2 protein chains.
Amino acid sequence: MTAVSTAPEAFPGDLQVHPAARLRSILDSVAAEDGSLPPLNDELIRALRLPDDLPETLGIGEVAEITGITAHTLRYYERIGLVDTGRDASGRRIYDREALGRVAFVTWLRLSGMPIAAVSRYVELVKAGPQTQDERLGLLLDQRAAIVAQLRDLQGALAVVDYKITTYGGSCGA
Amino acid sequence: MTAVSTAPEAFPGDLQVHPAARLRSILDSVAAEDGSLPPLNDELIRALRLPDDLPETLGIGEVAEITGITAHTLRYYERIGLVDTGRDASGRRIYDREALGRVAFVTWLRLSGMPIAAVSRYVELVKAGPQTQDERLGLLLDQRAAIVAQLRDLQGALAVVDYKITTYGGSCGA
DNA sequence: GCTTGCCTTCGAGCGCACTCGAAGGCCTAC
DNA sequence: GTAGGCCTTCGAGTGCGCTCGAAGGCAAGC
């Protein structure tokens, strides 16, 4: 896994491709210089919970800016039940820390390729109470396996692309 | 990157999710026991070129079975110009080694998240001749960067999911 | 001859995940 | 008071990548 260290730029312009660019930049901040990532550490978890110097509550525009997810999409997520928010006196959405955490969590799941239906199911289970823990764990384990499979696919694709790059000029076949 | 070694099964049943399941199983055959992958080696490349004990030419049904891509999708790929094939006397598609190699290559690119439009562009450039090598290399480098970014995203998601699994029972937020 | 089965083309349809536009409300600044 | 800006809801539209069905051809086997 050689160079391509585009690390310095904190907020790349590919929002269309990856709505969670900003979350990724948060992840970047806890990643090592060589691009490797801690498998699981407190710093990362704290990053997920988002910085402490944020205001107590945020408007949808601020959440959009922080997470890189459009306000339209945030409303869509709420409409389909993925994230609940409060409202102020004039009916505007209020995101507190917990709501922001949910947005972040949902975004990570989506980023890992989990279909919205599955995320939705998970959120439903959480709302349903503690007796659903087994099924929730099952969903997470399934998703973990899916992530591992994707990692393997991507490593294979990386090998193929690297081969093409090193021998580039060859034909399309193989 | 701990266990979840579902390695033994050669042909998992998730064709819908990953049309390239069989290609992945070929990749598996060159992967180490612990799931790690060689970044780039001759064996993998040979695997991409597909086994030597295949018939010289294949029908679309055979290609579908080998690659895990449906005949419908193979026809679609041909229709949009991603893969050319020959025809027999009665108009049926004939896939030779080269065509099979192209199917495999295209599948790897798709698996890495490259949009069809970009794959299409790449194939066009190959057809256009050697003077397009620079642009081809550019496309490949872009895709390499995209793969690396995806790997990072997935590793982050894996960390988040692992955190949830190890602390499971918690709320949905964070 | 007739069935079976795999193939052909063409065009339409589908599922997912947004994405956008219209029409309007509320608050602040000038 | 009015303009600007950010917000609201609702429903429709978009783009991607398949996915499918219909209608029919061709060759082998009974």
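The values are calculated or read from the model by the stated rules, or taken from the named source; none is laboratory data. These numbers were taken from a predicted model, which means no experiment stands behind them. Cβ: placed from backbone, ideal geometry, glycine included. Neighbour counts: every protein chain shown. Heads up: the accessible areas ignore ligands, DNA and RNA and are worked out on the full protein's heavy atoms, side chains in. Shrake-Rupley method; radii C 1.70, N 1.55, O 1.52, S 1.80 Å.
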Review point. Measuring label to label, 7 Å along Cα→Cβ, what does B:GLY59 give against each other copy in nm, shortest first?
Key: 6.5
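Could you rank B:LYS164, A:LYS127 by how accessible they are, 1.4 Å probe, largest area first?
On the way: B:LYS164 10, A:LYS127 115 Å².
My answer, sorted largest first, is A:LYS127, B:LYS164.
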Review point. Which whole-angstrom value gives the distance between the alpha carbon centres of the range A:93-125 and the range B:92-123?
Key: 34 Å
Revision key, fill the gap. Rounded to the nearest 10 Å², the 1.4 Å probe accessible area of A:GLU124 is 100 Å²
Practice item. For A:ALA117, go 7 angstrom from Cα along the Cα-to-Cβ vector, then report the distances to that same point in the other copies in nm, smallest first. Key: 2.8
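Averaged over peptide A:142-148, how many Cβ atoms belonging to another chain are found within 10 Å of each residue's Cβ?
Per residue, the average neighbour count from other chains is 6.
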Review point. How long are the semi-axes of the ellipsoid equivalent to the range B:103-156, from square roots of 5 times the Cα gyration tensor eigenvalues, in whole Å, largest first?
Key: 23, 12, 7
**Study point:** Total charge dipole magnitude, the range B:113-174, about the Cα centre, Cβ charges on Lys, Arg, Asp, Glu only, Debye to nearest 20
**Key:** 80 debye
Point to revise | Under 17 Å from A:LYS164, Cα to Cα: lysines that are on another chain or at least 8 residues apart | key: B:LYS127
Exercise for review: Would you please classify the overall shape of the range B:61-174 from the alpha carbon gyration tensor, given that a ≥ b ≥ c denote the square roots of the eigenvalues, rounded means a/c under 1.5, and beyond that prolate means a/b larger than b/c while oblate covers the rest?
Suggested key: oblate
Study note, to complete from the structure: Reported to the nearest 10 Å², B:THR132 has, with a 1.4 Å probe, an accessible area equal to 20 Å²
